[in-house]
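Quick notes on the structure that follows.
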Amino acid sequence: MIIATEEAFATSEFLDTYLDFAAARQNEGMLFAASVLSRPGMRDRLTDIDVRLAEMDAHGTDMHLMSLTSPGVQVFDPDLGTALAIRVNNEMAALIRQHPNRLAGLAAIAPQDPRRAAAEIERAMGDLGFNGIIINSHTQGEFLDDRKFWPIFDAAVKHRAPIYLHPTFPPDTMIEPYVRYGLNGAIWGFGAETSLHAVRLVMSGVFDRYPELQIVLGHMGEALPYWFLRLDLQYQKQIARQQHPPGMVKLNRMPSDYFRSNFHFTTSGMYWNDLLEFAIKTMGAERIMFSIDYPYEPSTRSTEWIKQIPVSPQDKDRIMSGNAIKLFQIRSR
Ligand code: MN
(Lines give C-alpha, C1' and ligand atoms only; values in the text may rest on other atoms or scores of the structure.)
Protein backbone atom coordinates (compact mmCIF):
# COMPACT_ATOMS: atom_id res chain seq x y z
CA MET A 1 0.00 0.00 0.00
CA ILE A 2 1.29 3.48 -0.90
CA ILE A 3 0.22 6.59 1.02
CA ALA A 4 1.65 9.91 -0.21
CA THR A 5 1.81 12.48 2.58
CA GLU A 6 2.61 15.94 1.11
CA GLU A 7 0.01 16.35 -1.60
CA ALA A 8 -1.15 19.86 -2.40
CA PHE A 9 -4.80 20.82 -2.70
CA ALA A 10 -6.66 24.08 -3.28
CA THR A 11 -10.19 25.35 -3.64
CA SER A 12 -11.04 27.69 -6.52
CA GLU A 13 -12.01 30.32 -3.96
CA PHE A 14 -8.58 30.09 -2.32
CA LEU A 15 -6.75 30.38 -5.66
CA ASP A 16 -8.82 33.38 -6.81
CA THR A 17 -8.42 35.13 -3.47
CA TYR A 18 -4.68 34.51 -3.31
CA LEU A 19 -3.95 35.52 -6.91
CA ASP A 20 -5.86 38.81 -6.50
CA PHE A 21 -4.15 39.48 -3.18
CA ALA A 22 -0.64 38.83 -4.57
CA ALA A 23 -1.26 40.97 -7.67
CA ALA A 24 -2.34 43.89 -5.49
CA ARG A 25 0.69 43.64 -3.15
CA GLN A 26 3.55 43.44 -5.66
CA ASN A 27 5.53 41.51 -3.07
CA GLU A 28 8.48 39.45 -4.39
CA GLY A 29 7.63 36.24 -2.53
CA MET A 30 3.88 36.45 -3.12
CA LEU A 31 4.33 37.05 -6.83
CA PHE A 32 6.70 34.11 -7.08
CA ALA A 33 4.10 31.80 -5.48
CA ALA A 34 1.39 33.29 -7.73
CA SER A 35 3.44 32.48 -10.83
CA VAL A 36 3.76 28.85 -9.74
CA LEU A 37 0.02 28.57 -8.99
CA SER A 38 -0.79 30.10 -12.39
CA ARG A 39 1.13 27.54 -14.44
CA PRO A 40 -0.91 25.73 -17.09
CA GLY A 41 -2.92 22.84 -15.69
CA MET A 42 -2.17 23.73 -12.08
CA ARG A 43 -5.69 24.81 -11.13
CA ASP A 44 -7.25 21.55 -12.32
CA ARG A 45 -4.64 19.41 -10.63
CA LEU A 46 -5.06 21.26 -7.33
CA THR A 47 -8.86 21.60 -7.28
CA ASP A 48 -10.31 18.75 -9.38
CA ILE A 49 -10.54 15.49 -7.44
CA ASP A 50 -11.17 13.40 -10.57
CA VAL A 51 -7.93 14.66 -12.11
CA ARG A 52 -6.13 13.75 -8.87
CA LEU A 53 -7.70 10.27 -8.61
CA ALA A 54 -6.82 9.52 -12.25
CA GLU A 55 -3.17 10.38 -11.57
CA MET A 56 -3.20 8.27 -8.40
CA ASP A 57 -4.67 5.33 -10.33
CA ALA A 58 -2.10 5.69 -13.11
CA HIS A 59 0.79 5.36 -10.64
CA GLY A 60 -0.60 3.01 -8.01
CA THR A 61 -0.88 5.58 -5.24
CA ASP A 62 -3.54 4.29 -2.85
CA MET A 63 -4.02 7.47 -0.84
CA HIS A 64 -3.17 11.18 -0.88
CA LEU A 65 -2.83 12.98 2.45
CA MET A 66 -3.87 16.37 1.07
CA SER A 67 -2.98 19.81 2.39
CA LEU A 68 -3.74 23.36 1.28
CA THR A 69 -1.02 24.46 -1.12
CA SER A 70 1.73 26.85 0.00
CA PRO A 71 1.60 29.73 0.92
CA GLY A 72 -1.85 28.86 2.33
CA VAL A 73 -3.86 31.38 4.31
CA GLN A 74 -0.91 32.78 6.26
CA VAL A 75 -0.39 35.85 4.06
CA PHE A 76 -3.84 37.31 4.74
CA ASP A 77 -5.09 39.49 7.61
CA PRO A 78 -6.30 37.48 10.65
CA ASP A 79 -10.02 37.68 9.77
CA LEU A 80 -9.68 36.70 6.12
CA GLY A 81 -7.04 34.03 6.91
CA THR A 82 -9.22 32.44 9.59
CA ALA A 83 -12.41 32.53 7.51
CA LEU A 84 -10.69 31.12 4.43
CA ALA A 85 -9.06 28.29 6.43
CA ILE A 86 -12.49 27.26 7.76
CA ARG A 87 -14.02 27.24 4.26
CA VAL A 88 -11.07 25.33 2.74
CA ASN A 89 -11.27 22.77 5.56
CA ASN A 90 -15.04 22.32 5.13
CA GLU A 91 -14.63 21.75 1.39
CA MET A 92 -11.70 19.35 1.82
CA ALA A 93 -13.50 17.39 4.54
CA ALA A 94 -16.52 16.93 2.24
CA LEU A 95 -14.28 15.55 -0.53
CA ILE A 96 -12.57 13.18 1.91
CA ARG A 97 -16.00 11.92 3.03
CA GLN A 98 -16.79 11.14 -0.62
CA HIS A 99 -13.52 9.20 -1.12
CA PRO A 100 -12.59 7.89 2.33
CA ASN A 101 -10.33 5.13 1.02
CA ARG A 102 -8.34 7.37 -1.30
CA LEU A 103 -8.10 10.73 0.49
CA ALA A 104 -7.06 12.00 3.91
CA GLY A 105 -6.18 15.53 4.92
CA LEU A 106 -4.25 18.06 6.96
CA ALA A 107 -6.32 21.06 8.04
CA ALA A 108 -5.27 24.63 7.28
CA ILE A 109 -5.06 27.15 10.11
CA ALA A 110 -4.25 30.87 10.28
CA PRO A 111 -1.50 31.24 12.93
CA GLN A 112 -1.82 35.06 12.65
CA ASP A 113 -4.80 34.59 15.01
CA PRO A 114 -3.42 31.96 17.43
CA ARG A 115 -6.61 31.68 19.51
CA ARG A 116 -8.88 31.03 16.54
CA ALA A 117 -6.20 28.78 14.99
CA ALA A 118 -6.31 26.64 18.15
CA ALA A 119 -10.11 26.50 17.93
CA GLU A 120 -9.87 25.37 14.30
CA ILE A 121 -7.46 22.58 15.30
CA GLU A 122 -10.09 21.36 17.78
CA ARG A 123 -12.84 21.49 15.14
CA ALA A 124 -10.68 19.88 12.44
CA MET A 125 -9.42 17.01 14.59
CA GLY A 126 -12.89 16.45 16.06
CA ASP A 127 -15.99 16.76 13.91
CA LEU A 128 -14.19 17.14 10.58
CA GLY A 129 -11.98 14.08 11.08
CA PHE A 130 -8.71 15.55 9.80
CA ASN A 131 -5.39 13.75 10.29
CA GLY A 132 -3.21 16.68 11.32
CA ILE A 133 -2.41 20.30 10.56
CA ILE A 134 -0.48 22.05 7.78
CA ILE A 135 1.48 25.23 8.46
CA ASN A 136 3.37 26.76 5.57
CA SER A 137 6.37 27.83 7.63
CA HIS A 138 6.70 31.51 8.64
CA THR A 139 3.63 33.69 9.09
CA GLN A 140 4.34 37.16 7.74
CA GLY A 141 7.96 36.90 8.92
CA GLU A 142 7.15 35.39 12.32
CA PHE A 143 8.12 31.90 13.45
CA LEU A 144 6.24 29.46 15.68
CA ASP A 145 8.83 29.52 18.48
CA ASP A 146 7.34 32.92 19.41
CA ARG A 147 5.28 32.31 22.55
CA LYS A 148 2.24 34.05 21.11
CA PHE A 149 1.81 31.02 18.82
CA TRP A 150 1.97 28.46 21.61
CA PRO A 151 -1.84 28.10 21.96
CA ILE A 152 -1.44 26.29 18.61
CA PHE A 153 0.96 23.79 20.21
CA ASP A 154 -1.37 23.40 23.22
CA ALA A 155 -4.20 22.44 20.84
CA ALA A 156 -2.00 20.23 18.63
CA VAL A 157 -0.80 18.21 21.63
CA LYS A 158 -4.27 18.03 23.18
CA HIS A 159 -5.86 16.74 19.97
CA ARG A 160 -2.88 14.61 18.87
CA ALA A 161 -2.43 16.61 15.67
CA PRO A 162 0.98 16.31 13.98
CA ILE A 163 2.01 19.63 12.38
CA TYR A 164 3.41 19.44 8.87
CA LEU A 165 5.83 22.37 8.58
CA HIS A 166 5.79 22.91 4.83
CA PRO A 167 7.99 25.40 2.97
CA THR A 168 6.98 28.80 1.72
CA PHE A 169 8.96 31.62 0.13
CA PRO A 170 11.42 33.36 2.51
CA PRO A 171 10.02 36.36 4.44
CA ASP A 172 10.62 39.95 3.33
CA THR A 173 13.55 40.25 5.77
CA MET A 174 15.31 37.31 4.16
CA ILE A 175 14.29 37.04 0.50
CA GLU A 176 16.44 39.67 -1.24
CA PRO A 177 19.70 37.67 -1.58
CA TYR A 178 17.73 34.72 -3.00
CA VAL A 179 16.04 36.61 -5.82
CA ARG A 180 18.95 37.39 -8.11
CA TYR A 181 19.50 33.86 -9.38
CA GLY A 182 15.93 32.65 -8.91
CA LEU A 183 16.78 30.85 -5.65
CA ASN A 184 13.72 31.77 -3.56
CA GLY A 185 11.71 28.63 -4.37
CA ALA A 186 12.14 24.88 -4.19
CA ILE A 187 15.64 25.08 -5.65
CA TRP A 188 17.10 26.47 -2.39
CA GLY A 189 15.12 29.19 -0.55
CA PHE A 190 12.28 26.89 0.59
CA GLY A 191 14.71 24.51 2.28
CA ALA A 192 16.82 27.32 3.77
CA GLU A 193 13.79 29.01 5.30
CA THR A 194 12.02 25.87 6.54
CA SER A 195 15.17 24.32 8.04
CA LEU A 196 15.81 27.61 9.87
CA HIS A 197 12.26 27.45 11.23
CA ALA A 198 12.78 23.86 12.47
CA VAL A 199 16.12 24.74 14.10
CA ARG A 200 14.49 27.75 15.81
CA LEU A 201 11.79 25.45 17.25
CA VAL A 202 14.45 23.10 18.65
CA MET A 203 16.71 25.83 20.03
CA SER A 204 13.79 27.72 21.65
CA GLY A 205 13.02 24.85 24.01
CA VAL A 206 9.54 24.30 22.53
CA PHE A 207 10.02 20.52 22.81
CA ASP A 208 11.01 20.70 26.50
CA ARG A 209 7.66 22.42 27.06
CA TYR A 210 5.76 20.13 24.61
CA PRO A 211 7.55 16.74 24.63
CA GLU A 212 4.64 15.11 22.77
CA LEU A 213 4.52 17.63 19.90
CA GLN A 214 5.27 16.02 16.53
CA ILE A 215 6.50 18.05 13.54
CA VAL A 216 6.75 16.73 9.97
CA LEU A 217 9.26 18.09 7.46
CA GLY A 218 9.30 17.27 3.75
CA HIS A 219 12.23 17.00 1.36
CA MET A 220 14.02 14.36 3.48
CA GLY A 221 14.29 16.75 6.42
CA GLU A 222 15.32 19.91 4.56
CA ALA A 223 19.04 18.83 4.76
CA LEU A 224 19.00 18.89 8.57
CA PRO A 225 20.56 15.43 9.20
CA TYR A 226 23.81 16.79 7.72
CA TRP A 227 23.82 19.33 10.54
CA PHE A 228 23.07 17.13 13.55
CA LEU A 229 26.68 16.71 14.70
CA ARG A 230 27.61 20.35 14.21
CA LEU A 231 24.43 21.62 15.91
CA ASP A 232 25.23 19.50 18.97
CA LEU A 233 28.94 20.36 19.11
CA GLN A 234 28.48 24.09 18.62
CA TYR A 235 25.56 24.22 21.05
CA GLN A 236 27.62 22.40 23.73
CA LYS A 237 30.65 24.61 23.15
CA GLN A 238 28.70 27.87 23.22
CA ILE A 239 26.29 27.15 26.09
CA ALA A 240 29.26 26.17 28.28
CA ARG A 241 30.81 29.66 27.95
CA GLN A 242 30.26 32.18 30.73
CA GLN A 243 28.78 34.53 28.17
CA HIS A 244 27.01 32.40 25.64
CA PRO A 245 25.41 34.06 22.60
CA PRO A 246 22.46 36.29 23.47
CA GLY A 247 19.18 34.41 23.15
CA MET A 248 20.71 30.96 23.44
CA VAL A 249 18.46 28.77 25.63
CA LYS A 250 19.63 25.95 27.91
CA LEU A 251 17.93 22.79 26.65
CA ASN A 252 17.25 19.56 28.52
CA ARG A 253 18.87 17.52 25.76
CA MET A 254 21.19 17.90 22.77
CA PRO A 255 19.61 19.62 19.73
CA SER A 256 19.75 16.52 17.53
CA ASP A 257 17.91 14.48 20.20
CA TYR A 258 14.77 16.52 19.57
CA PHE A 259 14.81 15.68 15.87
CA ARG A 260 14.79 12.00 16.77
CA SER A 261 11.90 12.35 19.23
CA ASN A 262 9.75 15.16 17.78
CA PHE A 263 10.24 15.16 13.99
CA HIS A 264 9.35 12.99 11.01
CA PHE A 265 10.69 13.41 7.48
CA THR A 266 8.98 12.77 4.17
CA THR A 267 10.68 12.05 0.85
CA SER A 268 9.11 14.73 -1.39
CA GLY A 269 11.28 15.47 -4.42
CA MET A 270 14.32 13.63 -3.00
CA TYR A 271 14.55 10.48 -5.11
CA TRP A 272 17.96 9.47 -3.86
CA ASN A 273 18.78 6.16 -2.20
CA ASP A 274 21.95 7.42 -0.47
CA LEU A 275 20.00 10.26 1.09
CA LEU A 276 17.26 7.90 2.24
CA GLU A 277 19.90 5.63 3.77
CA PHE A 278 21.39 8.55 5.72
CA ALA A 279 17.96 9.73 6.85
CA ILE A 280 17.18 6.21 8.12
CA LYS A 281 20.56 6.06 9.90
CA THR A 282 20.06 9.40 11.63
CA MET A 283 16.29 9.30 12.30
CA GLY A 284 15.27 5.62 12.20
CA ALA A 285 13.04 4.07 9.52
CA GLU A 286 9.99 4.62 11.74
CA ARG A 287 10.32 8.40 11.20
CA ILE A 288 10.49 8.45 7.38
CA MET A 289 7.37 8.59 5.20
CA PHE A 290 6.76 8.61 1.45
CA SER A 291 5.47 11.75 -0.22
CA ILE A 292 5.23 12.96 -3.81
CA ASP A 293 4.57 16.71 -3.54
CA TYR A 294 1.78 16.49 -6.15
CA PRO A 295 1.35 18.43 -8.42
CA TYR A 296 4.75 20.07 -8.15
CA GLU A 297 6.76 16.84 -8.48
CA PRO A 298 5.99 14.02 -10.92
CA SER A 299 4.03 11.08 -9.48
CA THR A 300 5.78 8.80 -12.02
CA ARG A 301 9.30 9.29 -10.75
CA SER A 302 8.30 9.36 -7.08
CA THR A 303 6.32 6.13 -7.13
CA GLU A 304 8.82 4.29 -9.36
CA TRP A 305 11.57 5.30 -6.95
CA ILE A 306 9.81 4.29 -3.76
CA LYS A 307 9.00 0.83 -5.14
CA GLN A 308 12.72 0.05 -5.57
CA ILE A 309 14.27 1.51 -2.38
CA PRO A 310 16.95 -0.87 -1.05
CA VAL A 311 15.61 -1.44 2.47
CA SER A 312 14.13 -4.45 4.28
CA PRO A 313 10.53 -5.39 3.36
CA GLN A 314 9.47 -4.32 6.85
CA ASP A 315 11.06 -0.85 6.55
CA LYS A 316 9.70 -0.45 3.03
CA ASP A 317 6.20 -1.12 4.28
CA ARG A 318 6.67 1.39 7.10
CA ILE A 319 7.98 4.10 4.76
CA MET A 320 5.37 3.52 2.04
CA SER A 321 2.38 3.53 4.42
CA GLY A 322 2.82 2.09 7.92
CA ASN A 323 4.40 5.15 9.54
CA ALA A 324 1.79 7.47 8.02
CA ILE A 325 -1.10 5.27 9.19
CA LYS A 326 0.29 5.41 12.72
CA LEU A 327 1.30 9.08 12.94
CA PHE A 328 -1.73 10.50 11.15
CA GLN A 329 -4.18 7.97 12.64
CA ILE A 330 -5.39 6.93 9.21
CA ARG A 331 -8.13 4.40 9.81
CA SER A 332 -9.07 1.78 7.26
CA ARG A 333 -12.50 3.01 6.26
MN1 MN B 1 5.03 20.62 -1.12
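The values are calculated or read from the model by the stated rules, or taken from the named source; none is laboratory data. Only a predicted model underlies this, so the values are computations on that prediction, with no experimental measurement involved. Side chains are part of the model used for accessible areas, which takes the heavy atoms of the whole protein and leaves out ligands, DNA and RNA. Shrake-Rupley method; radii C 1.70, N 1.55, O 1.52, S 1.80 Å.
Database remark: amide H of PHE263 closer than 5 angstrom to the amide H of ILE215 (H placed geometrically; neighbours at sequence offset of 5 or more, or on other chains; Pro and chain starts carry no H).
Close Lys pairs in the chain, defined as Cα atoms under 26 Å apart and 8 or more places apart or on different chains, number 12. Ordered from highest to lowest accessible area with the whole protein assembly present and a 1.4 Å probe, THR47, THR173, THR303 read as THR173, THR47, THR303. Calculated accessible area for the chain comes out at 43 Å² per residue, all protein chains present (probe 1.4 Å; ligands, DNA, RNA ignored).
If the chain linking LYS307 and ARG25 were pulled fully straight, counting 0.36 nm for each residue of separation and taking away their Cα-Cα distance, it would gain 97.2 nm. The length gained on full extension between GLU212 and TRP188, counted as 0.36 nm times the residue separation minus their Cα-Cα distance, comes to 5.6 nm. Here the 3J(HN,Hα) profile of the range 238-247, calculated from phi with Karplus coefficients 6.51, -1.76 and 1.60 at θ = phi - 60°, is 7, 6, 6, 5, 3, 10, 7, x, x, x Hz, Gly and Pro shown as x. Taking θ as phi - 60° and the Karplus parameters 6.51, -1.76 and 1.60, the scalar couplings of the range 147-152 work out to 4, 5, 8, 5, x, 5 Hz in sequence order, x denoting glycine and proline. GNM remark for the chain: springs join alpha carbons under 10 Å apart, and the peak mean-square fluctuation among PHE259, PHE143, PHE21 falls on PHE21.
Among DSSP beta bridges lying fully in the chain, give the percent that are antiparallel, nearest 5.
Working: 1 of 21 bridges.
Roughly 5 percent of the beta bridges in the chain run antiparallel, per DSSP.
The 3J(HN,Hα) values that the Karplus relation (6.51, -1.76, 1.60; θ = phi - 60°) gives for the range 300-307 are, in residue order, 4, 5, 4, 6, 5, 5, 5, 5 Hz. Gly and Pro appear as x. For the range 272-333, just say rounded, prolate or oblate: build the C-alpha gyration tensor, square-root its eigenvalues into a ≥ b ≥ c, call rounded for a/c under 1.5, and beyond that prolate if a/b exceeds b/c, oblate if not. Verdict is oblate for the range 272-333. Adding -39500 (n - 2.57) for every DSSP H run of four residues or longer, then dividing by how many residues the chain holds, sets the calculated 222 nm ellipticity at -14000 deg cm²/dmol.
How many percent of the alpha carbon pairs in the range 3-327 exceed a separation of 31 Å? Spell out each step's value before the answer.
Details: 14363 of 52650 pairs.
Summing the P(r) tail past 31 Å for the range 3-327 gives 27 percent.
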